[in-house]
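S.K.: Just passing along the structure, written as structure tokens.
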Amino acid sequence: MREKRLIVLLILLLGVLCAANLWFGSVQIPASAVWDILCGRECEKEVWRFIVLESRLPQMVAALLSGAALAVAGLLLQTAFNNPLAGPSILGIDTGASLGVALVMLFCGGSLGLTGSTTLTGFTAIIAGAFAGSIVVLGTILFFSTLVKNNIMLLIVGIMVGYITSSVISLLNYFATAEGVHSYTIWGMGNFSGVTGEQLPYFALSVSVGLAIAILLIKPLNALLLGDRYAANLGVNIKLTRNLLLIVTGLLTASTTAFCGPISFIGLAVPHIARLLLGTSNHNTLLPVTLLCGAVTTLLCNLICILPGESGILPINAITPVLGAPVIIYVIINQRKIQYFN
């Protein structure tokens, strides 16, 4: 009963934050006008229709999807590695995406030549570079997962791969032009406003596939809570499950980083928020609550980012640590007292 009430409350909060993200912004638009635009009716100013449908709506949906994707990715990794401090960035997948973008922006001049007659430019080239970088790192981690059987050792391998990619990014920044470094730095701060209405279906599809596979893994995830030996006795293929978790995490993290930039602390902190609200680690309820909490958190962060109005939009990574870091500090200090750790 508690779980149902919590889910209903989160859905209501999600609806309120979605409405607030469409209503607030640098341009003041009456709530009645926003409603008329969403319903397809005529509005007082045509420019309001463009702002709501082409800017605020894609930004709101991108924030919602990113939060859900990163939160679920964090939950999968924390369960797979039995480590409360595991997150999407821990395996270096988002750093791989960052390396792909750095190569496009700093080394290739913002364009990516596929064939003699096909060249990707602008945001499309950035997305392609981010996905390529993520896939390379994910492939590297999957390769090492066949050699390293211990989860902690695989976690350390992921951290080392992340350090190597970060080093290459630093070298690219050192030799790049000031304009290229500035563009890359802005991208690295993260934002949801870069996703257009045309790109949104592709982003939604990749995230939806990842979330659907994660839902199918609920039973193996619950078995892993009891330990690898017990899970194996229950018929869970540990190696296959671990590889599937890595692939799903890679897909969710790569999709979000490619379209919105690296978003910090959501994947690390939100699963703990969900556990604290539920008081349980049962993935039957924990996974959907984590998904909703992730969406609510990123919508709240995005709302805070756009509140300055005419003064501009704050970078998303300037807000997420303020909300996420206290949660992690609380969890570390009170680890022995928190029910789901026991």
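The values are calculated or read from the model by the stated rules, or taken from the named source; none is laboratory data. What you are looking at is a predicted structure, and each value in this text was computed from that prediction instead of being measured. FYI the Cβ positions are ideal-geometry reconstructions off the backbone, even for glycines, and counts take in every protein chain you see. Please note that ligands, DNA and RNA were not included when accessible areas were found on the heavy atoms of the full protein model with its side chains. Shrake-Rupley method; radii C 1.70, N 1.55, O 1.52, S 1.80 Å.
S.K.: Could you tell me which of the residues Ala258, Ala274, Ala223 is free of Cβ contacts under 8 Å to residues at least 40 places away in the same chain, not in a loop (DSSP other than H, G, I, E, B) and not charged (D, E, K, R)?
M.R.: Result of the check over Ala258, Ala274, Ala223: Ala223.
S.K.: Return yes or no: is Leu200 touching a residue at least 40 places away in the same chain (Cβ under 8 Å) and closer than 16 Å to Phe81 by Cβ?
M.R.: Details: touching a residue at least 40 places away in the same chain (Cβ under 8 Å): yes; closer than 16 Å to Phe81 by Cβ: no.
Spelling it out, it is not the case that Leu200 is touching a residue at least 40 places away in the same chain (Cβ under 8 Å) and closer than 16 Å to Phe81 by Cβ.
S.K.: Next question. Whether any residue in the range 53-76 is outside any helix (DSSP H, G or I) and open to solvent by 10 Å² or more (accessible area, probe 1.4 Å) is what I want to check. Steps first, please.
M.R.: Within the range 53-76, the first condition is being outside any helix (DSSP H, G or I), and the residues that meet it are none.
For the range 53-76, residues outside any helix (DSSP H, G or I) and open to solvent by 10 Å² or more (accessible area, probe 1.4 Å): absent.
S.K.: Failed condition for Gln335, given (1) at pLDDT 90 or above; (2) surrounded by fewer than 19 Cβ atoms within 10 Å (Cβ to Cβ); (3) in contact with a helix residue (DSSP H, G or I) (Cβ under 6 Å, 6 or more places away or on another chain), with all others met?
M.R.: Unmet condition: (1).
S.K.: On to the next question. Kindly indicate whether any position in the range 201-215 is over 19 Å from Thr249 (Cβ atoms), surrounded by 15 or more Cβ atoms within 10 Å (Cβ to Cβ) and among the polar types (S, T, N, Q). Quick ask: steps written out before the conclusion?
M.R.: Kept after step one, since they are over 19 Å from Thr249 (Cβ atoms), are these residues of the range 201-215: 201-202.
Going one step further and asking which of them are surrounded by 15 or more Cβ atoms within 10 Å (Cβ to Cβ), we end up with none.
No: zero hits.
S.K.: Run down Gly294, Gly279, Gly210 and say which single residue is of a type outside the set (D, E, K, R) and modelled with pLDDT under 90.
M.R.: Working: Gly294 fails: modelled with pLDDT under 90; Gly210 fails: modelled with pLDDT under 90.
Result of the check over Gly294, Gly279, Gly210: Gly279.
S.K.: Across the range 113-149, which residue is nearest to Arg229 (Cα to Cα) among those that are open to solvent by 80 Å² or more (accessible area, probe 1.4 Å) and modelled with pLDDT of 75 or more?
M.R.: My answer is Leu147.
S.K.: So which of Ser183, Ser170, Ser166 ends up being loosely packed, with under 12 Cβ neighbours inside 10 Å, in a helix (DSSP H, G or I) and either in contact (Cβ under 8 Å) with a residue 24 or more places away in the chain or over 19 Å from the mean Cα position of the chain (by Cα) (or both)? Steps first, please.
M.R.: On the way: Ser183 fails: loosely packed, with under 12 Cβ neighbours inside 10 Å; Ser166 fails: loosely packed, with under 12 Cβ neighbours inside 10 Å.
Just a single option satisfies the conditions, and that option is Ser170.
S.K.: May I pose another question? So, of the residues in the range 232-276 that are at positive phi and surrounded by fewer than 24 Cβ atoms within 10 Å (Cβ to Cβ), which turns out to be modelled with the highest pLDDT?
M.R.: Phe265
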